[in-house]
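Take a look at the structure below.
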Amino acid sequence: MAAFDYTFPGDLLIHYLKDEKRFACARVLSALLARRVRADAVGLPCHTILVPVPSSRASVRRRGFNPAAEVARALARRLGLACRPTLLRRVREGERQASLSRAARIANAQGLYVCGARADGCDITIVDDVMTTGSTAHVIARAFKNAGAASVRVAVLARTRHHLSSS
């Protein structure tokens, strides 16, 4: 589920959080995502664990924080859910997804993430900022299912309208 399309003004809020360290934007963005979660017919089970997508080491060095983790923590507070950033680890550095084609994104995401612990019977919701092709979410969902998760959902701030070509 996505709170909004990746267009103005939502894309600007994401930019302010990620690139200008305006942490108040995480609260605003989490409010928008919480509204979307509550509006969803299924919603999230009360024992859902929110897990942010880990940023690359280079991104954390450059920014000083993981934007998805900031949003996930704010969303967890807003919805009264658990947030466990350490449940998922990034095990290698891949290329920046933003610069890759759809096919390259899918290949790049393979083997990038592992669960830090068993997730037997857990309901997991992956939290990220922007979904373009879904390749990151797909790989992470598979890792959680392999670790025993009962269900895996994806909650993103924004979804791009125009998916990348398969070239």
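Relative contact order of the chain: 28 percent, from C-alpha pairs under 8 Å at least 6 residues apart in sequence.
If you look at the Cα atoms of region 1-40, you get an Rg and a Dmax of 10.2, 31 Å.
Of the beta bridges DSSP finds with both residues in region 44-127, what % are antiparallel, to the nearest 5?
For region 44-127, the DSSP antiparallel bridge percentage is about 35.
Would you please classify the overall shape of the chain from the alpha carbon gyration tensor, given that a ≥ b ≥ c denote the square roots of the eigenvalues, rounded means a/c under 1.5, and beyond that prolate means a/b larger than b/c while oblate covers the rest?
Working: a/c = 1.32, a/b = 1.03, b/c = 1.29.
Because its axes are fairly even, with a/c under 1.5, the chain counts as rounded.
Of the DSSP H helices in the chain, those with a Cα length along their own long axis of 15 Å or more and a mean Kyte-Doolittle hydropathy reaching 0.0 comprise 24-39, 67-79, 135-146.
Helix-derived [θ] at 222 nm for the chain: sum -39500 (n - 2.57) over DSSP H runs of at least 4, divide by residue count, nearest 500?
Working: 6 runs with 67 residues, N = 167.
Using -39500 (n - 2.57) per qualifying helix, the result is -12000 deg cm²/dmol.
Please give the per residue volume of the convex hull enclosing the alpha carbon atoms of region 39-80, rounded to a whole number of Å³. Cα convex hull per residue, to the nearest whole number: 78 Å³.
Which shape class, rounded, prolate or oblate, goes with region 106-156 when its Cα gyration tensor gives a ≥ b ≥ c as root eigenvalues, a/c under 1.5 marks rounded, and past that a/b bigger than b/c marks prolate?
On the way: a/c = 2.40, a/b = 1.40, b/c = 1.71.
Here region 106-156 falls in the oblate category.
Dipole orientation for the chain: of the candidates Ala68, Ala98, Ala31, Ala68 has the Cα lying most toward the positive pole (charges on Cβ; Lys, Arg +1; Asp, Glu -1).
Just so you know, all these numbers are worked out from the coordinates, no wet-lab data involved. This is a predicted model, so every value here is computed, not measured. Using ideal geometry, Cβ is built from the backbone for each residue, glycine included, and neighbour counts are taken over all protein chains shown.
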